[in-house]
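The values are calculated or read from the model by the stated rules, or taken from the named source; none is laboratory data. Fair warning: this is a prediction, and the values are worked out from it, not measured in the lab. Using ideal geometry, Cβ is built from the backbone for each residue, glycine included, and neighbour counts are taken over all protein chains shown. We work out accessible area using only protein heavy atoms, side chains counted, and drop any ligands, DNA or RNA first. Shrake-Rupley method; radii C 1.70, N 1.55, O 1.52, S 1.80 Å.
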Amino acid sequence: MVAAITMFTNSFCLSSSSIFLNSHAVTTTKLLSPVSLYANPTARPREWFSMINATKTSHNLIYFRPFKCPQPASRFLIQCNSVDTAISLWWEAGMLFSVFREIGLNEKETNLLLGKNPTLRSTSLDRIRARVLALQSVGINGFSLYRLVIKCPSVLIAEEIDPVISFVRDDLEGKVEAAQLERLFITTEARFMLGFAQKVKLLLHHEVPQEKIAHVLNNANLNKAICCKSVEELERTIAFLKPYHGIEIIVRRPAILNYDLDSQLIPKIRFLEELSGGDANATGTVLRKLPAILSYSLEHMESHVDFMKSYVGLDDREIFKIILVFPNVVSASKERKLRPRIEFLKQCGLNSNDIFKFLTRAPLFVALSFEDNLAHKLGFLVKIGYEYRTKELAVALGAVTRTSCENMQKVIGLFLSYGLSCEDIFYMSKKHPQILQYNPGSLEEKMEYLTEEMGRDVSELLTFPAFLGYKLDDRIKHRYEVKKKTAGTGMSLNKLLSESADRFSTTEQPKSLVND
């Protein structure tokens with residue numbers, strides 16, 4: 001750069017693009033480092049930039065005397081080809097070190113970073129500062145910003161990043177997590193970020209709720225789900241999933257967008273649909289209940305189905321029905337859970353059809369821990385009279401899979417406190433196994449109403465234990481109050497509660513008309 005320098009008598013001007021010199025031209029061979037210039041900001045610019053009467057020492061260093069403006073008789077112009085360029089570079093480099101120091105990098109880390117990424121040296125300071133502020137505006141601050149710059153220095157200069165930051169900050173109101181954005185910038189080449197906003201808007205166009213879009217983006221791999229997919233690929237994926245409640249399962253498990261359509265999603269969903277007999281709606285129900293089922297490989301799902309066919313003797317329809325009721329059966333280990341549990345049911349005398357019915361009614365049996373759950377429940381059942389390796393034991397065990405060991409213990413304790421024996425509990429549970437899984441507080445209210453308000457003996461429960469399964473206010477109290485005036489208090493509990501609502505309403509109608 002050619003610097004134009006104009007001197008006036010008894011006055012002078014100094015700017016970033018000009019410098020005063022006397023009539024002697026000076027060429028320097030060694031300059032002060034930009035870091036040392038920045039480190040001493042209180043030094044006077046004239047003392048930094050003056051190159052007049054420089055004296056070499058024995059160590060080949062140059063020292064500068066304070067600049068003194070000459071006072072010529074008239075104005076004159078001198079051109080200098082190199083001095084101003086060097087000064088500008090020193091100043092820029094010093095400020096660049098300042099920016100990196102603010103981010104958290106020390107001088108050694110900065111030199112190493114600039115050495116590996118020389119483009120940073122030639123990038124405008126204003127541009128780098130603006131990018132740092134943009135990153136901070138979406139929550140990437142402190143150590144996260146330091147880590148991002150160390151791992152991906154191009155984040156400070158890549159032009160493709162600005163539209164992503166602007167879209168997240170302005171359109172998505174900054175709701176995408178900073179950690180998620182950091183992962184995106186580290187793992188994704190800048191060129192793949194083009195069209196980010198367009199692809200996200202495509203999800204909104206296909207009815208992903210606006211209030212859920214941040215959740216989707218925060219729980220997907222943005223590199224795989226958005227950036228590395230073309231708009232056409234994303235459109236195909238959404239279109240394929242739509243018949244299976246696709247938008248709902250995307251919202252429930254955004255990681256589905258990470259999967260490749262042709263090699264992952266289509267083969268797995270087609271397999272489930274074939275197992276269902278071509279029922280797309282039922283297949284969609286399975287996916288809606290457990291979207292994570294798509295995280296298992298096709299080979300994994302096929303091996304579970306083959307096991308149920310060969311070891312249990314079930315057909316495709318029965319296997320799909322079990323999966324429909326409890327999709328997590330696919331996640332159960334064949335060797336640690338499925339095989340020993342099925343073997344137990346076989347030892348209890350259940351055949352293939354019995355096992356199918358058992359698993360559709362008590363699917364949690366294949367998922368619960370044996371040591372922490374099933375073993376304790378088996379102990380309670382044996383104590384109240386169940387014999388090992390019997391169908392009654394299997395049915396009772398299936399009934400209590402939906403309750404905790406503590407709840408089951410409280411229920412048994414409540415029955416005992418009302419004078420019922422273990423044999424009575426065993427007898428009732430054989431007729432109505434669900435009594436062992438009811439809430440003990442609700443049971444106590446019903447038994448108290450039975451004995452106090454209805455004046456019945458608790459032993460009547462041996463004949464009709466299903467009494468404990470009806471709602472107290474809506475069924476038991478209502479029907480008892482209606483019937484006791486006409487049929488008396490000695491009516492059968494079975495007849496009182498088992499009668500259908502339609503039939504009960506017809507017998508109740510005359511009484512209602514009299515009251516009116």
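Summary of computed values
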read-out	value
Residue check, LYS410 basic (Lys, Arg), under 50 Å from the mean Cα position of the chain (by Cα) and at pLDDT 95 or above	yes
Residue check for LEU287: in a helix (DSSP H, G or I) and either more than 21 Å from the chain's Cα centre (by Cα) or not assigned by the TED database to the domain that holds GLU302 (or both)	no
Hits in the range 443-452 - residues which are open to solvent by 40 Å² or more (accessible area, probe 1.4 Å) and under 46 Å from the mean Cα position of the chain (by Cα)	GLU444, GLU445
Extreme residue, nearest to LYS321 (Cα to Cα), among residues of the range 271-284 that are of a type in the set (Gly, Ala, Ser) and not in a helix (DSSP H, G or I)	SER276
Pair list, Cβ < 7 Å and 6+ apart or interchain, from the range 390-406 residues that are among the charged types (D, E, K, R) to residues that are part of a helix (DSSP H, G or I)	GLU392/LYS430; ARG402/LEU364; ARG402/GLN437
Count of residues meeting criterion [open to solvent by 50 Å² or more (accessible area, probe 1.4 Å) and at positive phi] in the range 195-210	1
Every pair of residues 6+ apart whose Cβ atoms lie under 9 Å, when the first sits in the range 186-212 and is under 16 Å from ILE238 (Cβ atoms) and outside any helix (DSSP H, G or I) while the second is among the basic types (Lys, Arg) and open to solvent by 30 Å² or more (accessible area, probe 1.4 Å)	HIS206/LYS242
Residues of the range 251-287 classified as buried (at least 16 other Cβ atoms within 10 Å of the Cβ) and either among the aromatic types (Phe, Trp, Tyr) or touching a strand residue (DSSP E or B) at 6+ places or on another chain (Cβ under 8 Å) (or both), total	1
Search result, residues across the range 290-311 that are open to solvent by 50 Å² or more (accessible area, probe 1.4 Å), farther than 20 Å from PHE358 by Cα and either part of a helix (DSSP H, G or I) or hydrophobic (A, V, I, L, M, F, W, C) (or both)	SER295, GLU299, HIS300, GLU302
Where a residue in the range 351-377 is under 15 Å from LYS334 (Cα atoms) and outside the structural domain of LYS321 (by the TED database) and its partner, wherever it lies, is among the polar types (S, T, N, Q) and open to solvent by less than 40 Å² (accessible area, probe 1.4 Å), with Cβ under 6 Å and at least six apart	LEU364/THR401; PHE365/THR401
Complete set of residues in the range 331-344 that are part of a helix (DSSP H, G or I), open to solvent by 10 Å² or more (accessible area, probe 1.4 Å) and not aromatic (Phe, Trp, Tyr)	SER331, LYS334, GLU335, ARG336, LYS337, ARG339, PRO340, ARG341, GLU343
Condition check for GLU274: more than 16 Å from the chain's Cα centre (by Cα), farther than 24 Å from GLY174 by Cβ, acidic (Asp, Glu) and assigned by the TED database to the domain that holds GLU299	yes
Matching option when the condition is aromatic (Phe, Trp, Tyr) and either surrounded by fewer than 16 Cβ atoms within 10 Å (Cβ to Cβ) or in contact with a strand residue (DSSP E or B) (Cβ under 9 Å, 6 or more places away or on another chain) (or both), among TYR427, TYR388	TYR388
Selection within the range 475-494 - under 23 Å from PRO433 (Cβ atoms) and either in contact with a His (Cβ under 8 Å, 6 or more places away or on another chain) or of a type outside the set (A, V, I, L, M, F, W, C) (or both)	ARG475, SER492, ASN494
Criterion violated by PHE185 - all others in (1) at pLDDT below 95; (2) surrounded by 17 or more Cβ atoms within 10 Å (Cβ to Cβ); (3) not charged (D, E, K, R) satisfied	(1)
Some residue of the range 101-108 being farther than 23 Å from LEU217 by Cβ, modelled with pLDDT of 65 or more, touching a helix residue (DSSP H, G or I) at 6+ places or on another chain (Cβ under 6 Å) and surrounded by 18 or more Cβ atoms within 10 Å (Cβ to Cβ)	yes
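Residue-wise test of (1) loosely packed, with under 14 Cβ neighbours inside 10 Å; (2) out of contact with any strand residue (DSSP E or B) (no Cβ under 6 Å at 6 or more places or on another chain); (3) in contact (Cβ under 8 Å) with a residue 24 or more places away in the chain; (4) assigned to a helix (DSSP H, G or I).
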site	(1), (2), (3), (4)
ARG456	no, yes, yes, no
ASP473	yes, yes, no, yes
LYS477	no, yes, yes, yes
TYR480	no, yes, yes, yes
LYS484	no, yes, no, yes
LEU496	no, yes, no, yes
